[in-house]
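*Asks:* Here it is, the structure, as structure tokens.
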């Protein structure tokens, strides 16, 4: 991860961000008001999830990591406390994922990159959602699985192994995906490959959420190419997250929104 690159991207984001006053699309305005701008509700599940995060932050345990994605930038990243402090999505964005799933009335959610399972817990807050999460590292799978069982998340299915192998196999029998969260291999090639594979199985109203779209030059190129894809009708840049919709009822548009 290039911090200079991220700083330049952040300046560009600040200079170009929009708010609700410049939104003319009814769908985008509604999404902005009800999901992006809305303050998080105090759901009962949130407190329990944050207790798990705190336990990870205070853990001295070290685990063996097999990095199947882009090269890690975390120093001492085999420590659970380091992974929790630097490698897990911040609370603000975790709440956003849950709000978005609520807004979409998502029933079938796919997550690429389980890590310690914090995002998965938020995505599976509602029992009506089925979450299928992919992780290539056995040590992280073991920890996350224990977390899911401890929090009685019977609506979570974990698929272990190299996502390049496991995702195509899963998609052969999958259908009707409502929401996808991409947080695995942050390289151009992998991101584009996952996008092209998974969009074929998504519903028209589905939302694809890409994490760290300004992480590096590769991710920014992937984000630009995905936005420009002829099937993509709406993109929303929240800096940390990029939202993609492939809805034929929405005219082609791109937004950079304040979050």
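*Asks:* Exactly one condition in (1) buried (at least 16 other Cβ atoms within 10 Å of the Cβ); (2) in contact with a helix residue (DSSP H, G or I) (Cβ under 8 Å, 6 or more places away or on another chain); (3) part of a helix (DSSP H, G or I); (4) at pLDDT below 95 is not met by residue 85; state its number.
*Replies:* Only one criterion in (1) buried (at least 16 other Cβ atoms within 10 Å of the Cβ); (2) in contact with a helix residue (DSSP H, G or I) (Cβ under 8 Å, 6 or more places away or on another chain); (3) part of a helix (DSSP H, G or I); (4) at pLDDT below 95 is unmet by residue 85, namely (1).
*Asks:* A further question follows. Give the residues of the range 223-256 that are in contact with a strand residue (DSSP E or B) (Cβ under 8 Å, 6 or more places away or on another chain) and more than 19 Å from residue 37 (Cα to Cα), sorted by residue number.
*Replies:* Within the range 223-256, 223, 226, 227, 232, 233, 246, 247, 248, 249, 250, 252, 253 meet the criteria.
*Asks:* Give the residue, chosen from 46, 13, that is under 20 Å from the mean Cα position of the chain (by Cα), at pLDDT 80 or above and surrounded by 15 or more Cβ atoms within 10 Å (Cβ to Cβ). Give the derivation first.
*Replies:* Numbers: 13 fails: at pLDDT 80 or above.
46 is the lone residue from the list that is under 20 Å from the mean Cα position of the chain (by Cα), at pLDDT 80 or above and surrounded by 15 or more Cβ atoms within 10 Å (Cβ to Cβ).
*Asks:* What number goes with the only condition from (1) under 25 Å from residue 218 (Cα atoms); (2) modelled with pLDDT of 90 or more; (3) in contact with a helix residue (DSSP H, G or I) (Cβ under 8 Å, 6 or more places away or on another chain); (4) exposed (fewer than 12 other Cβ atoms within 10 Å of the Cβ) that residue 90 does not pass?
*Replies:* Residue 90 satisfies all of (1) under 25 Å from residue 218 (Cα atoms); (2) modelled with pLDDT of 90 or more; (3) in contact with a helix residue (DSSP H, G or I) (Cβ under 8 Å, 6 or more places away or on another chain); (4) exposed (fewer than 12 other Cβ atoms within 10 Å of the Cβ) except (3).
*Asks:* Tally the residues that are surrounded by 11 or more Cβ atoms within 10 Å (Cβ to Cβ) and in a helix (DSSP H, G or I), restricting the search to the range 23-40. Working first, answer last.
*Replies:* Of the range 23-40, the ones surrounded by 11 or more Cβ atoms within 10 Å (Cβ to Cβ) are 23, 25, 27-38, 40.
In the following step, the residues that additionally are in a helix (DSSP H, G or I) were identified as 27-36.
Counting residues in the range 23-40 that are surrounded by 11 or more Cβ atoms within 10 Å (Cβ to Cβ) and in a helix (DSSP H, G or I) gives 10.
*Asks:* Do you know which residues across the range 100-112 are under 13 Å from the mean Cα position of the chain (by Cα) and assigned to a helix (DSSP H, G or I)?
*Replies:* If the condition is that a residue be under 13 Å from the mean Cα position of the chain (by Cα) and assigned to a helix (DSSP H, G or I), then 100, 101 are the ones that fit.
*Asks:* Given the condition more than 20 Å from residue 208 (Cβ to Cβ), touching a helix residue (DSSP H, G or I) at 6+ places or on another chain (Cβ under 8 Å), exposed (fewer than 13 other Cβ atoms within 10 Å of the Cβ) and modelled with pLDDT under 85, answer yes or no: does some residue in the range 52-65 qualify?
*Replies:* yes
*Asks:* Exactly one of (1) within 17 Å of the chain's Cα centre (by Cα); (2) touching a residue at least 12 places away in the same chain (Cβ under 8 Å); (3) over 20 Å from residue 10 (Cα atoms); (4) in a helix (DSSP H, G or I) is unmet by residue 227. Its number?
*Replies:* Just one mismatch for residue 227, condition (3).
The values are calculated or read from the model by the stated rules, or taken from the named source; none is laboratory data. Treat the numbers as computed from the prediction; the structure is a model and nothing was measured. We place every Cβ from the backbone using ideal geometry, glycine too, and count neighbours over all the protein chains shown.
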